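A.B. asks: Before we start, here is the structure in question, set down as structure tokens.
The values are calculated or read from the model by the stated rules, or taken from the named source; none is laboratory data. Fair warning: this is a prediction, and the values are worked out from it, not measured in the lab. Glycine gets a Cβ as well: all are built from the backbone with ideal geometry, and neighbour counts include every protein chain shown. SASA here: full protein model, heavy atoms, side chains in, ligands and nucleic acids out. Shrake-Rupley method; radii C 1.70, N 1.55, O 1.52, S 1.80 Å.
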Amino acid sequence: MGKGGALSDSVIKKILLSYTYVAIWIFLSFTVIVYNKYILDKKMYNWPFPISLTMIHMSFCATLAFLLIKVFKFVEPVSMSRDLYLSSVVPIGALYSLSLWLSNSAYIYLSVSFIQMLKALMPVAVYSIGVLFKKETFKTDTMANMLSISFGVAVAAYGEARFDTWGVILQLGAVAFEATRLVMIQILLTSKGITLNPITSLYYVAPCCLVFLVVPWIFVELPVLRSTSSFQLDFVIFGTNSFCAFALNLAVFLLVGKTSALAMNVAGVVKDWLLIAFSWSVIKDTVTPVNLFGYGLAFLGVAYYNHSKLQALKAKEAQKKAGQVDEEAGKLLEERDGEGGSTKRNESQD
């Protein structure tokens, strides 16, 4: 009973911790999205400078990542040569900067709920780009599922009350760049045996993003910021916003490290529905029945895709374990044959 009770307590503790990590990630992800919308929207805080906001985030995250790795030794840095940094990290940093810039820009034109619906296209983009770069195998049933997700998002877009073409272009561009970045991480880093957690990723990628964003910032936003000289940076607003963005990366580190990437995908679905509800009830964005029907179709497609990926992962793990068992059994047989042969030789000598 004692042992059983102890085991039961440990299992309950593990489950509670997993749910805690999921809740923290949902809360922080939710907070960052709504906070960014609040800052950038012209009807709210009215600071429509997405490049500047992204640069503030990257500066803050790069500084904290440096302190955690170099000063407090919280995380071990990854050994990386200059050539590897230039050939692998710099392209990923360029894609990340474009993804953040465009996704933050979309908040100026689109509602939070509609942006979440458009983000359902992420698996479609990742799979399509993966097939293009030969990191994914083309399968007819998977592509049919991708088309069903796309159809659902198209229906949601058709039912959008505040449809803005430029905002949709920005968000779709952000999805495309983010999907390309995820595939490039597989090609340029994972294939070379390099794994970056969110903190080491920020340490290497954030300064690179900052450099890439400086060029468009000088030509697009700096002249406008100069003309509005009366504006003063609110350190409370931008400090807490940047801290939430960094805390979100830590939460990703905890969630994926302590649970799984699948748990993060499931948590992401819960977060999307919560954001749609919040956008409708609190921000008073219009969410139409056609919106919800279209997103529901896309949601079912994404859920099926995640389920298929999980089943494939389980099959791969089972195959790997079966191979290990076969290998161990083969070694045991070899050892026994060796022992039998030595025994026979000893008998013949006698």
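A.B. asks: Out of GLY338, GLY294, I need the residue that is assigned to a helix (DSSP H, G or I) and at pLDDT below 70. Which one?
C.D. replies: Exactly one residue qualifies, and that residue is GLY338.
A.B. asks: Out of the stretch 51-84, which residues are among the small types (Gly, Ala, Ser) and either open to solvent by less than 40 Å² (accessible area, probe 1.4 Å) or within 29 Å of PHE219 (Cα to Cα) (or both)?
C.D. replies: Correct list: SER52, SER59, ALA62, ALA65.
A.B. asks: Still on this structure, I have one more. Is there a residue being of a type in the set (A, V, I, L, M), modelled with pLDDT of 90 or more, in a helix (DSSP H, G or I) and over 27 Å from MET80 (Cβ atoms) anywhere in the stretch 239-252?
C.D. replies: Scanning the stretch 239-252, I find no residue that is of a type in the set (A, V, I, L, M), modelled with pLDDT of 90 or more, in a helix (DSSP H, G or I) and over 27 Å from MET80 (Cβ atoms), so the answer is no.
A.B. asks: I need the full set of residues from the stretch 32-50 which are open to solvent by 30 Å² or more (accessible area, probe 1.4 Å) and closer than 20 Å to VAL215 by Cβ, in order please.
C.D. replies: PRO48
A.B. asks: So LEU86 passes all but one of these: (1) over 30 Å from VAL224 (Cα atoms); (2) at pLDDT below 90. Which condition number does it fail?
C.D. replies: If we test LEU86 against (1) over 30 Å from VAL224 (Cα atoms); (2) at pLDDT below 90, just (2) comes out false.
A.B. asks: Looking at the stretch 97-119, which of its residues are of a type in the set (A, V, I, L, M, F, W, C) and open to solvent by less than 10 Å² (accessible area, probe 1.4 Å)?
C.D. replies: ALA106, LEU110, VAL112, PHE114, ILE115, MET117, LEU118
A.B. asks: What number of residues in the stretch 189-230 are of a type in the set (A, V, I, L, M, F, W, C), open to solvent by 70 Å² or more (accessible area, probe 1.4 Å) and within 17 Å of VAL90 (Cβ to Cβ)?
C.D. replies: Residues flagged as of a type in the set (A, V, I, L, M, F, W, C), open to solvent by 70 Å² or more (accessible area, probe 1.4 Å) and within 17 Å of VAL90 (Cβ to Cβ) within the stretch 189-230 amount to 3.
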